1. For residue 236, indicate whether it is surrounded by 14 or more Cβ atoms within 10 Å (Cβ to Cβ) and without any contact (Cβ under 8 Å) to a residue 60 or more places away in the chain.
2. How many residues are assigned to a helix (DSSP H, G or I), more than 15 Å from residue 179 (Cα to Cα) and at pLDDT below 95 when one looks only at segment 115-142?
3. Is segment 189-210 home to any residue that is over 33 Å from the mean Cα position of the chain (by Cα), more than 17 Å from residue 139 (Cβ to Cβ), in contact (Cβ under 8 Å) with a residue 24 or more places away in the chain and crowded, with 17+ Cβ neighbours inside 10 Å?
4. Tell me, please, whether a residue that is more than 26 Å from residue 236 (Cα to Cα), at pLDDT 95 or above and part of a loop (DSSP other than H, G, I, E, B) can be found in segment 327-334.
5. Could you run through segment 275-321 and say how many residues are part of a helix (DSSP H, G or I) and buried (at least 16 other Cβ atoms within 10 Å of the Cβ)?
6. For segment 121-157, give me the residue count where each residue is at positive phi and touching a helix residue (DSSP H, G or I) at 6+ places or on another chain (Cβ under 7 Å).
7. Which ones in segment 43-70 are over 15 Å from residue 2 (Cα atoms) and touching a helix residue (DSSP H, G or I) at 6+ places or on another chain (Cβ under 9 Å)?
8. Scan segment 71-81 residue by residue and report those that are over 15 Å from residue 14 (Cβ atoms) and free of Cβ contacts under 8 Å to residues at least 60 places away in the same chain.
């Protein structure tokens, strides 16, 4: 009986004296005193051999022994983890360069859009915006679009109801109408934004794209003012050597109307695939605001005149960066977008 007490006290002393210095030694301590086959099991089993008057004393000793082993293990584990963290912190080189993080970049459409706004803002144009869901008045009628004009056909416009009175705007000219209705001349604005047309998606066309349209209304505005404005834009965007030309065209809301070309800056008008061997590249349409449009907005066409122009941002971007497929702008291919990191 005394041997059991002596062995239990001896093990208790061993537990108190134990000082594992690494994770492997700590695990050996756990297996020896707390594992499924620990040294305490036989001592607990020997309690049945003791006389009743000594069992209470022995039981208290065994409980103390088990509690001491558990507390010792937990304390040793915490101390060992703390030492490991201190060692890890001590090995950090605070003078080493920081890790670089990959950041995104602006989309090429956004880059060119911002550049176009910047160019026109230098000569007094301010930005105007409007809703992308429009009514028939602002999208067609106020712009002098006849009832039988092809642009009203379902093949071109996304209508939102059977009455065909509400639609996704097919041009940002709708913003020009809203500004003319609310503001008296002089008016000098550009209207950048997204527009929608029911077209087959291809390398040269998409059902959604972006435009920048401009409007200048004041007294004595002439076609010469329009030509000089567009020449200024073209040279600021594509280079000082670029020239412009105007070809007669037709738009319901301008009269006279013209398609605007720039001299091919890729081949210097010698002929290349970009200009289709012609030496000229079309970038947009323009013209003098039709008097009927002014009257629709309650602006006296006898006093005021003005010009308007419109360009596709995708078109300008494709020319600027020599991109041959418009669909690339909408595919979110990181390999394509990374090319424009230095262009911001």
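The values are calculated or read from the model by the stated rules, or taken from the named source; none is laboratory data. Keep in mind it's a predicted model, so treat the numbers as computed, not measured. Positions of Cβ are generated from backbone atoms using ideal geometry, with glycine treated the same way; all protein chains shown enter the neighbour counts.
1. Spelling it out, it is not the case that residue 236 is surrounded by 14 or more Cβ atoms within 10 Å (Cβ to Cβ) and without any contact (Cβ under 8 Å) to a residue 60 or more places away in the chain.
2. So the answer is 2.
3. Scanning segment 189-210 turns up no residue that is over 33 Å from the mean Cα position of the chain (by Cα), more than 17 Å from residue 139 (Cβ to Cβ), in contact (Cβ under 8 Å) with a residue 24 or more places away in the chain and crowded, with 17+ Cβ neighbours inside 10 Å.
4. No, every residue in segment 327-334 fails to be more than 26 Å from residue 236 (Cα to Cα), at pLDDT 95 or above and part of a loop (DSSP other than H, G, I, E, B).
5. Counting residues in segment 275-321 that are part of a helix (DSSP H, G or I) and buried (at least 16 other Cβ atoms within 10 Å of the Cβ) gives 12.
6. Adding up the residues that qualify gives 1.
7. Correct list: 64, 65, 66, 68, 69, 70.
8. 74, 75, 77, 78, 79, 81
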